[in-house]
């Protein structure tokens, strides 16, 4: 299966596992990897087919402070890259499973995002164990190395964390935009 890279000016690169209905001008073959990478200076990316980004934790948020990069998700204030945000905007924040950590934040990270949850399922996937963690009533997927697999025991409470740089702001398509 060939992956598709969606590129936008000044935006993150998104790689998915299907060409779907992307316009020809946006199709570029990039191999079989499925990753989501962001440049720190990137503005929100507009995409018409969010399913193209592969497995990701997508959070529907409202921008509380664009200047500070603070968004509200289910009553939790999270820190995201502030570029291109406007107060009051409704956005989608994407966090890949490998970007979530079950360890405490680094000492120097003031804006570390914390999500308290409960382990529902842990699945061995070769190089990692993928855990399904329920946070605020919804499932989050997190990939952990085998050395930390003991922390993802069914029904155990734990805290997930991620740095603002480890997420991507995915803006909804502009009004009237077509997705094909």
Number of positions in region 77-86 that are at pLDDT below 95 and surrounded by fewer than 21 Cβ atoms within 10 Å (Cβ to Cβ): 4
Of residues in region 114-172 being in contact with a strand residue (DSSP E or B) (Cβ under 8 Å, 6 or more places away or on another chain), in a helix (DSSP H, G or I) and touching a residue at least 60 places away in the same chain (Cβ under 8 Å), the one nearest to residue 96 (Cα to Cα): 166
Selected residue (criterion: nearest to residue 136 (Cα to Cα)) from residues of region 72-102 that are touching a helix residue (DSSP H, G or I) at 6+ places or on another chain (Cβ under 7 Å) and not in a strand (DSSP E or B): 102
Members of region 73-83 that are free of Cβ contacts under 8 Å to residues at least 40 places away in the same chain and more than 13 Å from residue 114 (Cα to Cα): 82
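The values are calculated or read from the model by the stated rules, or taken from the named source; none is laboratory data. It should be emphasised that the depicted structure is a prediction, and the values quoted were computed from it without experimental measurement. Glycine also receives a Cβ, built like all others from the backbone with ideal geometry; neighbour counts cover every protein chain displayed.
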